[in-house]
Amino acid sequence: MGEELIGVKNSALSLILDCDNLKELEELKLQFLGRSGKLTLLLKELPKLPLEKRGEIGRLANEVKKTIEETISQAQEKLSNQNSQNKIDIDTTIPGIKPDIGHLHPMTQVLYEVVDIFKRIGFQVADGPEIETDYYNFEALNIPKDHPSRDTQQTLYVDTRNSRIAAGETLLRTQTSNMQGRIMEKIKPPFRIIVPGKVFRYEQVDVSHGFEFQQFEGFAVDENIKMTDLFGVIEYFFKKFFGEKTKVRFVCHNFPFVEPGAEAYISCNVCKGKGCTFCKNSGWVEILGAGMIHPNVLRNVNIDPNKYHGFAFGVGLSRLATLRYQMDDLRLLTNPDMRILEQF
Ligand SMILES: [Zn+2]
């Protein structure tokens, strides 16, 4: 019986030391020390032993019981300590950390607003290629190859030396007006369209110039379109965009694709017309070029200029954005610094 007691002790200790959770430990306790546990059953055999052996085996049995009990209680303590260290305190009443929500880029906000204003007066929105042919960027707009006004549009040409395209025939569009020809040769008047998009020029980058900026083109063709319709549309747009108190003035200007042509100025929204560095102390800011579509442009797309007339205008979207947000540097619009972008 002595050997059996030692056997029970060894197997109990080995199981207890291997055990790594409190529930199993509780089960082991029952398995050895419970009412029908292995040790308890052995102890019940004690009275059947011869009297002279009872004392010795009795002491051994008590030692075994004590050792198992102590080992179990040590193991319980150790596991409880571990559990409390692993436990994470969660206070479900603390408000959560809200993730940062992004917002539209200031340029996109301005674009959406422009589109919204023109949609209210029946304009549709079109999109077009940024890599363009010389024809749609210039020739269809009454700007033949030898026209001096080409010099004012510092053009970036696509290198086509290893292709079948002739040199100088493909370029990065210098104006969103490239879409006039593309659209007018596909649809019949009457129509009112705006075309927002990126344009490219070979410009020295500074506070008011960039090699890439945004414009939008607007044009309308119908049977009875007059210059006053153009003035009305432009004035409506600027009053909606900059506020009803905005003043607009037009001055004569020459563009090859319009006749007559005009430039529009708005009263400076920084100094309210009093004069500041933003408007070069004039109180006015030049904002767009416009005019009645030249009959040659209409002829190029098979629209009869004796029956239909149209107006067109081009506005610098980037310029609108800098005016809206009173930025003194055009380059801020393409700066990815979040400290700038978060202000809008
Ligand atoms: Zn001003």
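The values are calculated or read from the model by the stated rules, or taken from the named source; none is laboratory data. It should be emphasised that the depicted structure is a prediction, and the values quoted were computed from it without experimental measurement. FYI the Cβ positions are ideal-geometry reconstructions off the backbone, even for glycines, and counts take in every protein chain you see. Surface accessibility is based on the protein's heavy atoms, side chains included, excluding ligands, DNA and RNA. Shrake-Rupley method; radii C 1.70, N 1.55, O 1.52, S 1.80 Å.
Cysteines in the chain that lack a partner Cβ within the 4.7 Å cut-off: CYS19, CYS252. Please report the carbon-and-sulfur percent of the accessible area for the chain; probe 1.4 Å, protein heavy atoms only, DNA, RNA and ligands left out. Answer for the chain is 51 percent, counting heavy atoms of protein chains only. Charge tally for ASN137 (other residues, Cβ to Cβ under 13 Å; Lys, Arg +1; Asp, Glu -1): -1. Using the 1.4 Å probe convention, the accessible area of segment 242-344 works out to 52 Å² per residue with neighbouring protein chains retained. Rg/Rh, computed from the Cα trace of the chain with Rh as the Kirkwood radius, has the value 1.60. With the convex hull constructed from alpha-carbon coordinates only, segment 117-191 shows a mean projected area of 6.4 nm² over all directions.
Show that you can apply the helix-only estimate: for the chain, add -39,500 (n - 2.57) for every DSSP H stretch of four or more residues, divide by all residues, and state [θ] at 222 nm to the nearest 500. Taken over the chain, the calculation gives -12000 deg cm²/dmol. Its Cα centre serving as origin, the chain has a Cβ charge dipole (Lys and Arg +1, Asp and Glu -1) of approximately 720 debye.
Segment 255-270 and segment 119-177 have Cα centres separated by 21 Å.
Peptides 234-240, 248-254 ranked from most to least packed, by the mean per-residue count of other Cβ atoms within 10 Å: 234-240, 248-254. With both labels modelled 7 Å from their Cα along Cα-to-Cβ, the CYS276 to GLU69 distance reads 9.0 nm. Residue ranges 176-187, 101-112 sort as 176-187, 101-112 when ordered by packing (mean number of other C-beta atoms within 10 Å per residue, highest first). Averaging 1/r over each pair of different alpha-carbon atoms in segment 202-253 and inverting the result gives 13.9 Å, the Kirkwood hydrodynamic radius. Distance between the pseudo-spin-label points of GLU286 and ILE121 (7 Å out from Cα toward the beta carbon): 2.3 nm.
Considering only ARG319, ARG120, ARG164, the mean-square fluctuation computed in a Gaussian network model of the chain, springs between alpha carbons under 10 angstrom, is largest for ARG164. Full extension of the chain between ASN81 and TYR325 yields a length gain of 81.8 nm, computed as 0.36 nm times the residue separation minus the alpha carbon distance. FRET efficiency for the pair ASN296 and LEU341, taken as 1/(1 + (r/R0)^6) with r the Cβ-Cβ distance and R0 = 41 Å, rounds to 0.40.
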